[in-house]
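Asker: Below are the structure tokens for one structure; questions will follow.
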Amino acid sequence: MLNYQKIILMLTNFFSIFEYTIKSCFMKGYIYTMFKGADPSVGWNMTDPIYGKVPTMGACMPNIRRFVEKGDFIFSISGRVATVKPHIVGGFQVDDKINALTAYERFPGNRMTQNEEGALAGNIIIDGEGNHLPYDYHDKFEKRLENYVVGKNALSFETIEQMNLAKKETIDILNEIFHKKEESVNKIIGRCRKLDESQIKDLLAWMNKIKAI
């Protein structure tokens, strides 16, 4: 009986390692459009995701945060602003996922605050006791507490020149990688769309080309 249990344990460990290896070999990603008005080119402050030295995503798109695993990528597109072309804002690679309370302790600089004008900063939407901050605008609060994404290898457009060039080319690069011929971001990806490894590499190459100009 003891030998049987050892064999079962060995097989369980083997298949766990095999599953992890298979997942690691097939990188995936997601690209999504932020909410209306969320466009850094017109002065909107990037509250979530935050493209810093350690990029994070802590409140928006809980479905994407739930699906991604270590090594995957997340890309965001600016939200709708009248008369302004949308553009790919940035992306990063997933390095870890934690809960909101852990994030509160680990990233004090990302705790959400509100200034006198009502502007928000930060993507940790709880206080030190785990309560929902009254000035946070997200609904379904409980579903947003898990899967705070900690990233690495952030890449984002930071200058007006980069953003303007991205505005000119975003539709083209999305049509190219998704094999479409559409005239709007919404018709190409809807609110969000999954990316395979080849599409991720093409998107990163395009972003790096703009960053190098």
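Asker: Between K187 and E169, with labels modelled 7 Å along Cα→Cβ, what's the label distance in nm to one decimal, could you check?
Answerer: Simple spin-label model gives 2.3 nm for this pair.
Asker: Continuing with this model, one more query. Please arrange T170, T159, T113 by how many other C-beta atoms lie within 10 Å of their C-beta, fewest to most.
Answerer: With the sparsest Cβ surroundings first, the list reads T159, T113, T170.
Asker: Over the chain, what is the mean sequence separation of C-alpha contacts under 8 Å (at least six apart), divided by residue count, expressed as relative contact order in percent?
Answerer: Computed value for the chain: 25 percent relative contact order.
Asker: Here is a further query. Under the 0.36 nm per residue contour assumption, what length would be gained going from the current alpha-carbon distance of F67 and D95 to full extension?
Answerer: Between F67 and D95, full extension yields an extra 8.7 nm.
Asker: Calculate how steeply helix 2-25 sits against the longest principal axis of the alpha-carbon atoms of the chain, using the helix alpha-carbon long axis, and give the answer as 0 to 90 degrees to the nearest 10.
Answerer: The angle comes out at about 20 degrees.
Asker: Across 10 Å bins from 0, what is the distribution of all Cα-Cα pair distances for region 113-170, in whole percents?
Answerer: Using 10 Å bins, I get a P(r) of 16, 32, 31, 19, 1 for region 113-170.
Asker: Anyone know which of N45, N110, N131 comes out most mobile in the 10 Å Cα GNM of the chain?
Answerer: Of the options given, N131 has the highest mean-square fluctuation.
Asker: Let me ask another. Counting each DSSP H run of 4 or more residues in the chain as -39500 (n - 2.57), what helix-only mean residue ellipticity at 222 nm follows after dividing by all residues, to the nearest 500 deg cm²/dmol?
Answerer: After summing the helix terms and dividing by residue count, I get -11000 deg cm²/dmol.
Asker: Might you report the magnitude of the Cβ-based charge dipole of the chain about its Cα centre, with Lys and Arg at +1 and Asp and Glu at -1, to the nearest 20 debye?
Answerer: Roughly 580 debye, rounded to the nearest 20.
Asker: Sticking with this structure for a sec: Using every alpha carbon pair in region 157-198, what percent of pairs falls into each 10 Å bin from 0 up to the bin containing the largest distance?
Answerer: Going from the shortest bin to the longest, the percentages are 27, 47, 26.
Asker: Please give me the summed charge of the neighbours of R111: other residues whose Cβ is under 12 Å from its Cβ, Lys and Arg +1, Asp and Glu -1.
Answerer: Neighbourhood net charge equals -2.
Asker: Against the longest principal axis of the chain, how steep is helix 160-178, in degrees 0 to 90 to the nearest 10, with axes from Cα atoms?
Answerer: 50 degrees
Asker: Another question, then. Between I160 and E142, what is the label-to-label distance in nm when each label sits 7 Å out along the Cα-to-Cβ direction?
Answerer: Simple spin-label model gives 4.7 nm for this pair.
Asker: Counting other C-beta atoms within 10 Å, which of I74, I173 has the fewest, and how do the rest follow?
Answerer: Least to most surrounded, the residues fall as I173, I74.
Asker: Something else: Roughly how far apart, in whole Å, are the Cα centres of region 74-90 and region 149-203?
Answerer: Measuring centre to centre over Cα atoms gives 9 Å.
Values quoted throughout were computed directly from the atomic coordinates according to the rules given, and no laboratory measurement underlies them. In this text the structure is predicted, and so the values were computed from the model without any measurement. No Cβ is skipped: glycine too gets one built from the backbone with ideal geometry, and neighbour counts run over all protein chains shown.
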